[in-house]
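Participant: Below is the structure I would like to discuss, written out as structure tokens.
The values are calculated or read from the model by the stated rules, or taken from the named source; none is laboratory data. Just so you know, these numbers come straight off a predicted model, no measurement behind them. Backbone-built Cβ (ideal geometry, glycine too); neighbour counts: all protein chains shown. For the accessible areas, the whole protein counts, side chains as well, though only heavy atoms, and no ligand, DNA or RNA atoms are used. Shrake-Rupley method; radii C 1.70, N 1.55, O 1.52, S 1.80 Å.
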Amino acid sequence: MNPADRRTHWRDLVERRLPEAVRPDWPVRLDHCFARILLDNACGGPWRDHTRPPAYATMPLGQLEIAIALGEAVLAGRADLALLNRRSLAWRGKIAAAPVPEALRDGDLTLRRWRPEDTAPFAALNADPAVMAHFPRPRTEAESAAEAGLCDRRFVADGFGPWALEHAGRFIGFAGPMRILRPLPFPGGDRPGTTVELAWRLAREAWGHGFATRAARLALADLAGRCRIRSVVAFTAVGNDRSRAVMERLGLRPAGTFPHPAVPEGPLRAHVLYRLDCADREEAA
């Protein structure tokens, strides 16, 4: 479909199809409420902070596609509308956000919430071709700032997220869990909001010291103990041996490959999937 058709599809989805399909357990029934929930979750925060109204006409098509996919998943019974609504309301201050620890610590390693002063070192990390070798391209400063904001807003919505990682008082990257909101082609990945991904990205000078493994292990313990979430996935480009080694040290097990829909055709599109569930974690411990 061309962009005009996709925008028409969006309007039909929220103005007709979702209101006509209302179920007793759904928390909303009006078209503008469906639009709020889907757009907020696609943007990672109140949608008006990211685009001008009307959203269907001004939002970047890639972001609108995420909102459409979420709406289609709700219609198909593959996404929890109540969960998506709670995330939207938490961002808007309509319900209390889940309490989050100030920081998690392991000796000289600290996992904490994001700060404004993290923006510059995070942009430098994301502009480093070596760090981004297994991504389609490095990030711009604006893209890095947006990503940092999204990382921190996840704590408001879910009570957990990718922690800013600090070593000896210096920002070195991030590590932690996040809900997958874009449908992905692997078992469980087609249920947006249900599956939790464990991810990390460290500055080049922080490589080779075990920081990623230590940070991920600390984040996993918090996720299981405080948030009662004991199953995660992790994935990366097939050729990313460094990240795959971290996954294996954490006790994650290979679970096949899939083509990542957000990655253009080419050698980076094939991703390897790893999983960790309760039994795996207890065995790894």
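Participant: For the range 200-285, list the helices (runs of 4 or more DSSP H) that sit wholly inside it and hold at least 1 residues that are in the same structural domain as ASN126 (by the TED database), touching a residue at least 12 places away in the same chain (Cβ under 8 Å) and closer than 18 Å to ARG179 by Cβ; which are they?
Facilitator: 211-225
Participant: Which ones in the range 131-146 are of a type in the set (A, V, I, L, M), open to solvent by 50 Å² or more (accessible area, probe 1.4 Å) and over 16 Å from ALA120 (Cα atoms)?
Facilitator: Within the range 131-146, ALA133 is the sole residue that qualifies.
Participant: Also, I was wondering about something else. Any residue at all in the range 34-48 that's out of contact with any Asp or Glu (no Cβ under 8 Å at 6 or more places or on another chain), open to solvent by 70 Å² or more (accessible area, probe 1.4 Å) and modelled with pLDDT of 95 or more?
Facilitator: Yes, there is a match, as at least one residue in the range 34-48 is out of contact with any Asp or Glu (no Cβ under 8 Å at 6 or more places or on another chain), open to solvent by 70 Å² or more (accessible area, probe 1.4 Å) and modelled with pLDDT of 95 or more.
Participant: Could you check the range 50-129 for helices (runs of 4 or more DSSP H) lying wholly inside it with 2 or more residues that are closer than 23 Å to ASP222 by Cα and open to solvent by 20 Å² or more (accessible area, probe 1.4 Å)?
Facilitator: Where helices (runs of 4 or more DSSP H) fall fully within the range 50-129 and carry at least 2 residues being closer than 23 Å to ASP222 by Cα and open to solvent by 20 Å² or more (accessible area, probe 1.4 Å), they are 81-91.
Participant: Quick one: count up the residues across the range 147-165 that are open to solvent by 30 Å² or more (accessible area, probe 1.4 Å), more than 15 Å from ILE229 (Cβ to Cβ) and not β-branched (Val, Ile, Thr).
Facilitator: Residues meeting the conditions: 4.
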